1. Determine the distance separating the Cα centre of region 444-475 from the Cα centre of region 531-571; give it in Å without decimals.
2. Could you tell me, in Å, what Rg and Dmax come out for the Cα atoms of region 202-247?
3. Let me have the relative contact order for region 528-574, percent, based on Cα pairs under 8 Å that are six or more residues apart.
4. Around residue 260, under 10 Å between beta carbons, what's the net of Lys plus Arg minus Asp minus Glu among the other residues?
5. State in Å² the accessible area per residue of region 408-557; use a 1.4 Å probe, count heavy atoms of protein chains only, and round to the nearest integer.
6. Distance cut-off 19 Å, Cα to Cα: go down the list 248/273; 171/225; 442/523; 181/211; 162/411; 211/317 and report the pairs above it.
7. For region 457-599, state the semi-axes of the equivalent ellipsoid (square roots of 5 times the eigenvalues of the alpha-carbon gyration tensor), sorted largest first and rounded to whole angstrom.
8. If I compute solvent accessible area with a 1.4 Å probe over the protein chains, what percent of it on region 445-569 is carbon and sulfur?
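The values are calculated or read from the model by the stated rules, or taken from the named source; none is laboratory data. It should be emphasised that the depicted structure is a prediction, and the values quoted were computed from it without experimental measurement. Positions of Cβ are generated from backbone atoms using ideal geometry, with glycine treated the same way; all protein chains shown enter the neighbour counts. Keep in mind that these areas ignore ligands, DNA and RNA; they rest on the heavy atoms of the full protein, side chains included. Shrake-Rupley method; radii C 1.70, N 1.55, O 1.52, S 1.80 Å.
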Amino acid sequence: MAEEASRAADSASDSVQCPVCLKIFKQSTINRHLDVCLLGGTADSSPMTVDESVPPAVKKMRTAETVLQTSAPPSSTAGSTSSSPMFAMFQPNKNKSPAPNERQGKLFSKQNSGNIINKGIKRGLEEESEQESTSKMSETGASSNGEVSKDLARRILFTLDKPLAEILRPKSLEEYFGQNKVVGEHTLLRSLLETQEIPSLILWGPPGCGKTTLAHIIACSSKKKGTSRFITLSATSASTNEVREVIKQAHNELRLCKRRTILFIDEIHRFNKSQQDTFLPHVENGTITLIGATTENPSFQVNAALLSRCRVLVLEKLSVEAMGSILQRAVESLDIRVVGAASDRLKPAEESDGQQPLIYIEQDALDTIAYLCDGDARTGLNSLQLAVQAQVSLAQNKALQGGAGVEIVVKEAHVKEGLQRSHILYDKAGEEHYNCISALHKSMRGSHENASLYWLGRMLEGGEDPLYVARRLIRFASEDVGMADPLALPQAVSAFQACHFIGMPECEVILAQCVVYLAQAPKSVDVYKAYNNVKASLRNHKGPLPPVPLHLRNAPTKLMKQLGYSKGYKYNPNFTGPVEQEYLPQELKDIDFFTWTPS
């Protein structure tokens, strides 16, 4: 009896109760049983009789229904299919199911069809990776190396809301065209970018020349090498508090992780002087590397103190050749065939897959975009997208569907129709405003009437106020023509009055007439130079200015006559010949401002 009691005690110490089914198992088999019991196993695993020679059952994937059955309290209704696929312990309110999102909605539809085991909450790595990559491709329209996938190219072009210029934004300097003077081979900036020694920069250039793209290329390079963080803000929407928060994070990042922060400010000229002063100490001590982009002249729009701490890179307007390379890369990425003439096109039946239409674009259409976009890559790419989308929509409206492929041809006329806007780069309050008026003034001074008319046309067609041009012509008539043609000034004043009376566009010919008159008129700057000499004499005079001679002063009172005012003055009409008397102060006697040169 004692031996039996001892065996029973040993057996009891070697057994463990299952917390799910409340059965007794050996310690060596309890883990295998739990794998089966928690995943909805049957009664095959009887207590204390599990075969240890058999390998443990392969774990089944947990499903929403299985988890709820194993985690729900005994009072819950068995077999309920309306429960949310979520662990009970994570439900904030067990009496109220959380609103399912879009992904959960898809899960419910698959579970209701009876395929619960295969479609559980946990997804395999391959399925998850495939869905994530598909999602990223649909959001960005580009693969990991920056190139648009061929099978998604047309779908992206026709259905995505993003502009084509944003989808095809270059990710490396090899895809960056048109700015060889700045980032070409063997340039200083190119070597600095390759070594990740990026200085603070101000990128100045016209719209669409690649300022933001260059900043994104620097960001991609920094992320690949992990040398620095890249943060983008826009001066049109960011506040000073946001900038201070970014600088605070940059300071912590540099202190704790020894990693610098590159801060890109788009349209930096939108910040006022006090806001720009926020960057000064942090750019000075290297907490942040500032990259600012602006279309305005930094000399006028960027704080001088900040400008001295940054290197200014002048990006030029893209040439026609650079635009051609950009457009060629776009059509290749989108799988659009370029043809020179209608006879060069392939037959639709030879290449169509029956699902997507064949798209062709004539070389003349690409050349037209390259010439008419005025060096703006954003305008060129978006115009290409607009022209192609218009033709595809037209083909769909005509119900050209079926097994055979549909041939769509984008012609030069389609491109011109989409570019029915002024493509002239002109800003009435910016850099081009002063550049064009300076060119007009200098062309008239050089008596080049053709150039004068051209710059006048550039200003008027760009939207310049005609009265501003007329006021400048009045100034020119006196400054550059002067006494060589005294009728030039009345001509310019008449032109101003006529423009004020009738306005644009009728007054453009009046301005053209005045410009040609002033350009062909003889020139004399004697009056202009003489008056400048007078100003120089007054400003450079040492000591108090000399008084007006007494004989040139009026004497309306008796006291003034007694003091000698007007004494000795010779009234010129009383003499038949020249009158000898002094009209200048004694210190300036015999000076000739027409020939005098300031010291």
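1. If we compute the Cα centre of each part, the gap is 43 Å.
2. Radius of gyration, then largest Cα-Cα span, for region 202-247: 12.6, 31 Å.
3. 28
4. +2
5. Heavy-atom accessible area per residue stands at 56 Å².
6. In this structure, 248/273; 162/411 exceed 19 Å between Cα atoms.
7. Computed over region 457-599, the values are 44, 19, 16 Å.
8. Carbon and sulfur: 58 percent of the exposed surface of region 445-569.
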